[in-house]
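Contents: one structure, followed by commentary.
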Amino acid sequence: MKSIGKIRRSQVLSNGPGAIIDFRGDSGAPLSVVAAGLEAWDKMSAKPGLLNEQRISHDPLQARLKVKGFRLPPVGNEKVGTSTRPRLLPAYRFPDWHVCPKCDRLQRSRFWSSELDRPELYCSECTTGRGKRARKSFVVPVRFVVTCASGHLQDFPWVSWPRHNSACSRKRPLKLIGKGAGLKGLRVHCTECLEERDLDGALSPGALGKIPCEGRSPWLQAAAAACSNEPVAIQRGASNAYFPVVASALDVPPFGGTFREWLDEFWADLTSLADRAQVPDFVRKRIHPYWPDQAMTLEQLTSKILTLLHILDDDSGDLRVNEHFMLCSGGSTDEHFPEFRIVPQNPPPQLLGTFDQVVSVERLREVRALRGFTRLSPAESISSVQIAPLSETPLNWLPAIEVRGEGIFLNFDENQVTKWEKIPSVVARAKVAHEAAERSWRDHNGDEREFPMTISPRFLLVHTTAHALVEQLSLDSGYSTASIRERLYVSSGHGGMCGFLLYTSAPDSDGTLGGLSRKGRSRELLPIFLGALRGLEWCSADPLCGSGILTLSEGSGSAACHSCCFLPETSCEHFNRHLDRAMLIGTPEAPEIGYFHALLKNEG
C-alpha cells in the first residue's frame with residue numbers, strides 16, 4: 001500500500017470509483033490511477049460498511065436509492081486496536097502503459113523500474129548516477145485509453161496499432177515518438193519490424209476497427225464481462241471520461257426535525273414492519289408510553305408517523321415536490337428544524353405577476369450521494385442510461401457528502417407562465433429544442449429507451465433565468481459563479497412546479513455567511529434581477545449567438561453560449577444544455593416570446 005496524494009472530500013463525488021485521477025509523486029513524477037470500487041473502501045477500513053463512524057443519513061433519499069445509509073469519504077485517522085492509522089481511499093494504477101520521455105520507449109508498468117514502497121516508475125537505462133545522487137528518468141502514463149458507453153475501461157491497443165509485417169513477433173518494445181504537432185505528429189514505432197503508424201484519427205468513432213470492448217472494470221478488479229458496445233479511444237483526462245450520477249436532496253420538513261430525532265431509537269423497527277397496518281399497535285405499545293411530548297395524543301402521534309412512512313414508501317415520487325411545497329409554504333411552525341430555516345419575502349412590486357414567491361433560505365442542508373457514473377455522455381436522469389456501477393455487487397450504502405449553506409428561492413407566477421407557454425411561437429421554439437435534445441440523446445443511447453425528459457417552454461424559462469441570476473449575483477453577493485449552484489423545480493400539469501433555488505454551501509457544520517440569502521430582500525432583489533436581464537439583451541457573440549448559429553451543430557437553434565448563459569459545470573444541473581435567452585427577452589423578429597419582454601419595456 002503506497003500513499004500517492006490527497007484530494008478534498010467533496011472531490012470524491014466528481015472523482016469517485018471509476019474515475020481516472022492524476023497525481024504527482026514526492027519527486028514530481030506523474031502518476032495516473034483509477035479510483036477503486038466500494039468493496040476496496042471496506043477492505044481498507046477497520047469498520048466496514050455502515051459500522052463505520054463516518055456516515056450520514058437522509059431518510060427520503062435512502063428510500064429512493066434503496067440503501068440503508070451513506071458513507072462519507074474517509075478523512076483523518078482511525079483506531080485499530082491500540083494504535084491509529086490514516087484513513088485512505090484506495091486506487092489502482094491505470095493506464096498500465098507508460099512512456100519514457102528520454103528514449104521514447106513504450107511498455108507496460110511491470111517492465112519499468114521502481115523503488116520499494118514508492119509508486120513512481122522510472123527508466124533504468126536513462127537514469128544517470130547511483131544511490132542518492134541518481135537522476136532518475138521517470139516514465140509518464142500514456143495519454144490515451146479506451147472506453148465504451150457502458151463505462152468499461154481498457155488500455156489503448158498499442159501493440160496492434162502499427163501495421164507490423166508478417167514476420168514480426170511483436171515481442172520487442174515499442175516507441176512513442178513525437179515528430180510534430182497534434183496526433184499526426186505522434187507515431188507508434190515497432191523496434192523489431194521498424195513499422196510505425198501515427199495516431200491521427202485514433203480518437204474518431206470506428207478508428208479501432210475490429211478491436212472489441214474487453215468488458216473490463218479495473219476499478220472493481222472483477223472478471224471481464226461480455227460487452228457488445230463499440231470501443232472508443234479518448235484522452236484519459238478528457239471531460240467525457242467520467243460523468244458522475246449524483247442524487248441529492250435537501251433536509252426539509254417533515255424530516256430533519258425534533259419529531260424525527262425523538263423517533264430515532266424506534267426508527268429501525270418501524271421501517272422494518274412488513275405491514276403498515278401494524279404501525280398503530282406498535283406505536284401504542286412501544287412508542288406512545290415513552291414519548292417526550294405527553295400533550296400529543298396517540299392518534300396524533302400515529303398519524304404523524306404514518307405520514308413519514310408514506311413518504312418513504314412512495315419510492316416512485318420526486319423528492320423535489322415536497323421540497324418545492326415546503327419552500328413555497330413557509331416551512332413548519334409547530335416543530336424545530338435546525339437544518340431548514342427560511343424567511344418569505346415580499347416580491348418587489350415591479351415583479352408581481354412575474355413571481356409569486358420570493359424566499360430567503362437562511363439555512364439548508366443538502367446530501368449528495370454518488371449512485372454511479374457514465375462515460376462519453378452524461379445521464380439526463382438516473383434511469384436514462386446504463387449507469388456504470390461503483391461496486392461489484394449492490395451494497396446497502398453509497399458514498400455521499402453533506403453540505404450546509406444558504407440561498408434564494410424564486411417561484412414563478414403559475415397563471416402567467418401558463419398563458420405564456422401557450423403562445424404558438426413559444427411552443428414552436430421549445431419543440432425545436434426538445435427534438436434536438438432527444439436526437440442527441442438517441443445518438444448516444446440508441447432508440448430502445450424513451451427520452452427521459454421534456455424540454456418545455458417553462459423548463460427553458462426556469463433554467464435560463466437561474467443562469468442569468470447566478471451571473472449577476474456573483475457580482476453582488478461576493479460569491480463566485482462556481483460556488484453558486486442551481487436547483488430547478490419544474491413540472492407541468494395542474495399544480496406543477498415552476499421555480500428555482502440558487503444556493504451556496506460548504507462542507508463544514510457552520511455553512512456560509514449569509515451574503516447570498518440577504519439578496520432575496522425586496523429592495524436588493526429588483527436591481528439585481530433587472531441587471532441580470534439587461535445582461536442577456538446583448539451578447540458579445542451576437543449576432544451569431546442570438547440567431548442560433550452557434551448551436552446549429554446540435555440543431556436546437558437556441559440563443560446561448562459561453563459569453564452569455566453558460567456557467568461552470570459545478571453550478572449547472574444539466575451541463576450547460578437546454579438554455580435559451582430568447583425565452584426571457586425575445587428576439588428582434590419575435591419579441592413576444594420573451595417572458596420578461598414587457599417588464600424590460602416598462603422599466604425602460
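Overview of results
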item: Checklist (1) more than 22 Å from Ser329 (Cα to Cα); (2) open to solvent by 30 Å² or more (accessible area, probe 1.4 Å); (3) under 23 Å from the mean Cα position of the chain (by Cα) applied to Val490, failing item; result: (1)
item: Considering residues of region 111-139 that are basic (Lys, Arg) and in contact (Cβ under 8 Å) with a residue 12 or more places away in the chain only, the residue surrounded by the fewest Cβ atoms within 10 Å (Cβ to Cβ); result: Arg118
item: Positions within region 1-27 being open to solvent by less than 60 Å² (accessible area, probe 1.4 Å) and either without any contact (Cβ under 8 Å) to a residue 12 or more places away in the chain or charged (D, E, K, R) (or both), in sequence order; result: Gln11
item: Residues within region 388-413 that are open to solvent by less than 10 Å² (accessible area, probe 1.4 Å), out of contact with any Pro (no Cβ under 8 Å at 6 or more places or on another chain) and outside any strand (DSSP E or B), tallied; result: 0
item: So Ser166, is it assigned to a loop (DSSP other than H, G, I, E, B) and either farther than 18 Å from Phe94 by Cβ or more than 40 Å from the chain's Cα centre (by Cα) (or both); result: yes
item: Any hit, region 91-104, residues being over 30 Å from Lys171 (Cβ atoms) and assigned to a strand (DSSP E or B); result: yes
item: Among (1) in contact with a strand residue (DSSP E or B) (Cβ under 8 Å, 6 or more places away or on another chain); (2) buried (at least 17 other Cβ atoms within 10 Å of the Cβ); (3) not in a loop (DSSP other than H, G, I, E, B), the one test that Asp42 misses; result: (1)
item: First in region 415-439 and assigned to a helix (DSSP H, G or I), second anywhere and polar (S, T, N, Q), Cβ under 6 Å, 6 or more apart; result: Ala430/Ser456; Ala433/Ser556; Ala433/Ser558; Ala436/Ser556
item: Scan of region 312-342 for residues that are surrounded by fewer than 16 Cβ atoms within 10 Å (Cβ to Cβ), modelled with pLDDT of 80 or more and not in a helix (DSSP H, G or I), ordered by number; result: Asp318, His336, Pro338, Arg341
item: Hits in region 293-311 (condition: open to solvent by 80 Å² or more (accessible area, probe 1.4 Å) and not in a helix (DSSP H, G or I)); result: Gln294, Ala295
item: Selected residue (only one of Ser217, Ser248 is closer than 30 Å to Val67 by Cβ, surrounded by 13 or more Cβ atoms within 10 Å (Cβ to Cβ), touching an Asp or Glu at 6+ places or on another chain (Cβ under 7 Å) and polar (S, T, N, Q)); result: Ser248
item: Residue pairs meeting the criteria (Cβ under 6 Å; at least 6 apart or on separate chains; first farther than 12 Å from Leu473 by Cβ, in region 515-528; second open to solvent by less than 10 Å² (accessible area, probe 1.4 Å) and outside any helix (DSSP H, G or I)); result: Ser522/Pro348; Leu526/Pro348
item: Qualifying residue in region 257-280 (condition: open to solvent by less than 30 Å² (accessible area, probe 1.4 Å), farther than 19 Å from Glu299 by Cα, among the aromatic types (Phe, Trp, Tyr) and under 32 Å from the mean Cα position of the chain (by Cα)); result: no
item: Residue in region 370-385 that is part of a loop (DSSP other than H, G, I, E, B) and at pLDDT 90 or above present; result: yes
item: Condition met for Val361 (surrounded by 22 or more Cβ atoms within 10 Å (Cβ to Cβ) and not small (Gly, Ala, Ser)); result: yes
item: Among residues of region 198-244, those that are over 28 Å from the mean Cα position of the chain (by Cα) and either under 25 Å from Pro90 (Cβ atoms) or assigned to a loop (DSSP other than H, G, I, E, B) (or both), counted; result: 11
item: Residue in region 454-464 that is open to solvent by 10 Å² or more (accessible area, probe 1.4 Å), at pLDDT below 90 and not charged (D, E, K, R) present; result: yes
item: Test for Gly28: is it of a type in the set (Gly, Ala, Ser), part of a loop (DSSP other than H, G, I, E, B), modelled with pLDDT of 90 or more and over 15 Å from Lys2 (Cβ atoms); result: no
item: Residue in region 440-460 that is farthest from Cys148 (Cα to Cα), counting only those that are part of a helix (DSSP H, G or I) and out of contact with any Asp or Glu (no Cβ under 8 Å at 6 or more places or on another chain); result: Phe459
item: Condition met for Arg286 (assigned to a helix (DSSP H, G or I) and either over 19 Å from Gln62 (Cα atoms) or open to solvent by 60 Å² or more (accessible area, probe 1.4 Å) (or both)); result: yes
item: Output for region 74-99, where each listed residue is open to solvent by less than 30 Å² (accessible area, probe 1.4 Å), within 18 Å of Asp22 (Cβ to Cβ) and either touching a helix residue (DSSP H, G or I) at 6+ places or on another chain (Cβ under 6 Å) or not aliphatic (A, V, I, L, M) (or both); result: Pro90, Phe94, Pro95, Trp97, His98
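The values are calculated or read from the model by the stated rules, or taken from the named source; none is laboratory data. Just so it is clear, the structure is predicted and the values come from calculations on it, not from any experiment. Methodologically, a virtual Cβ is constructed for each residue, glycine included, from the backbone with ideal geometry; neighbour enumeration extends over all protein chains shown. Heads up: the accessible areas ignore ligands, DNA and RNA and are worked out on the full protein's heavy atoms, side chains in. Shrake-Rupley method; radii C 1.70, N 1.55, O 1.52, S 1.80 Å.
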